[in-house]
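Q: Submitted below is the structure of interest, expressed as structure tokens.
The values are calculated or read from the model by the stated rules, or taken from the named source; none is laboratory data. What you see is a predicted model; the values in this text were computed from it and never measured. Cβ coordinates were reconstructed from backbone atoms using ideal geometry, including for glycine residues, and neighbour counts include every protein chain displayed. Just the protein is used for accessible areas: all its heavy atoms, side chains included, with ligands, DNA and RNA removed. Shrake-Rupley method; radii C 1.70, N 1.55, O 1.52, S 1.80 Å.
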Amino acid sequence: MTGLYLTKQEEAALNGEKGEAVKIAMEVIVKVGEALGAGRLIEINHAHISGISYNNIGEPGLKFIENIRSKGARFTVPTTINPIGVDLEDPAGIPGATREFIMKQKQVIDNLAAMGAKPVMTCTPYYVDEVKPGWHLAWGESSAVAYANTYIGAWTNREGGPLALMAAIAGRTYYAGVHIPENRIPRTVFTVHGYTNDQAVASVIGSIVARETKYKQPMIEGVEGIREPEIKTMCAAAGAAGNLEMCVIPGITKVDTSKTAIEEKVDIEQNDLEAELDQYRPTERPDVVFIGCPHVGIEELEEAAKLAISHGGQARNHFWIATSRNVYNKALQLGLVEKLRERNIRVLRDTCIVVSPGWRETGYTVATNSYKTMFYLKRIHGLKAYMAPLRELIDLSLR
Ligand code: F3S
């Protein structure tokens, strides 16, 4: 018995008529739904499973995935998976990429792929599968969640990796949080003054909004002309610095703003943005420049190649740009991977340095254009991390 309304089909699944794995998945989703006060479940169009780096989940996580697979689990909706701890095609030089780590990481992927996940390990699932406005999703990975709600107009809560996995099996999630239209209505408005399109600047805005908003959902005004890459990094920063599922950008986010009930107004002056960015700027040449948090799209790779070529010279430190396999393959065809390689800039697939092993031991200093990478490198790996616009990082590295 449950307090949630279930359809006949859902009841049957909960009672085990669709097999043990579906029964377990339904039990978990119903329990979480009850705890969150959901009245019912909702069918999902897509799932994205985060937390699959062997560095993060270790042996208990691998066993959990093997166990649910052994019960006959199959994903019933298109399902993608997050970055892992290594570029499986080209692991050379990646800290902590030992043979044993790679073997364990492959076991995680093989089990997820056997259940039906696409083995494209990325935090930008929207570059892999088409995701339509109005779709309900069960996504882990906070940056992708905020992007889906803010930019695509899809609907997803921030799920933990295991819960997204259960939703992928059950094909549904609990109807609560930002699946409900009323919970997407903005109650705080931030007005940005002097915005310029740059991912580091957008990162700073996302982090300020997440830290300072009293109410969900924050609306961000004054960013007219913001491009998709900036929205992506802003969402990633907002998801890292706070627990936001979304921001509302007028003219972009599909929310009924006629119901807006603003209770708090905050101005972000150009000076505030510059002062905050100044705190993060590199004061030395870093050991590593890392771009691609979240994973870059083709447009960002083109921009990086253009900047590097027009600057001239070669990177004198590690300079890594992370992306998904499918974007990598397109970039290869377009000659972008080679152009960047000529500048000693390496394009990585499948991975990101935040979820990779061995970084703490390197003691590297890292510079990035993403608040999320800077935040987690300090917090998880204890590294010195800086942030600056890409143009400045290229100048610093290729000088
Ligand atoms: Fe993606 Fe790693 Fe950043 S998973 S959002 S590149 S921390």
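Q: If the requirement is being within 30 Å of ARG360 (Cβ to Cβ), open to solvent by 40 Å² or more (accessible area, probe 1.4 Å) and outside the structural domain of CYS293 (by TED's automatic domain parsing), which of these qualifies: ASP198, ASP87, ASP110?
A: The conditions single out ASP110.
Q: Mind counting the residues in the stretch 115-158 that are of a type in the set (Asp, Glu) and more than 15 Å from the ligand (Cβ to nearest atom)?
A: The total comes to 2.
Q: Identify, from the list ASP267, ASP287, the residue that is under 30 Å from LYS384 (Cβ atoms) and more than 16 Å from the ligand (Cβ to nearest atom).
A: On the way: ASP267 fails: under 30 Å from LYS384 (Cβ atoms).
That would be ASP287, the only listed residue that is under 30 Å from LYS384 (Cβ atoms) and more than 16 Å from the ligand (Cβ to nearest atom).
Q: More than 17 Å from the chain's Cα centre (by Cα) and either outside any helix (DSSP H, G or I) or outside the structural domain of ASN67 (by TED's automatic domain parsing) (or both): does that describe LYS214? First the steps, then the outcome.
A: Numbers: more than 17 Å from the chain's Cα centre (by Cα): yes; either outside any helix (DSSP H, G or I) or outside the structural domain of ASN67 (by TED's automatic domain parsing) (or both): yes.
When the stated conditions are applied, LYS214 passes them.
Q: Out of the residues in the stretch 314-323 that are of a type in the set (S, T, N, Q) and either under 20 Å from THR362 (Cβ atoms) or not in a loop (DSSP other than H, G, I, E, B) (or both), state the one that is nearest to the ligand (Cβ to nearest atom).
A: Restricting to residues being of a type in the set (S, T, N, Q) and either under 20 Å from THR362 (Cβ atoms) or not in a loop (DSSP other than H, G, I, E, B) (or both), the top hit is THR323.
Q: Have a look at PRO125, PRO133 and point out the one that is touching a helix residue (DSSP H, G or I) at 6+ places or on another chain (Cβ under 7 Å), within 28 Å of LEU348 (Cα to Cα), not hydrophobic (A, V, I, L, M, F, W, C) and not assigned by TED's automatic domain parsing to the domain that holds ALA237.
A: From the options PRO125, PRO133, the qualifying one is PRO125.
Q: Say whether the condition of being at pLDDT 95 or above, more than 30 Å from GLY3 (Cα to Cα) and open to solvent by less than 10 Å² (accessible area, probe 1.4 Å) is met by at least one residue in the stretch 55-69.
A: yes
Q: Moving on to the next point. Do we find a residue being part of a strand (DSSP E or B) and either touching a residue at least 40 places away in the same chain (Cβ under 8 Å) or farther than 26 Å from GLY19 by Cβ (or both) anywhere in the stretch 60-79?
A: yes
Q: OK, next. Residue by residue through the stretch 8-59, note down the ones that are more than 16 Å from the ligand (Cβ to nearest atom), in contact with a strand residue (DSSP E or B) (Cβ under 8 Å, 6 or more places away or on another chain) and assigned to a loop (DSSP other than H, G, I, E, B).
A: LEU36, ALA38, GLY39, ILE44, ASN45
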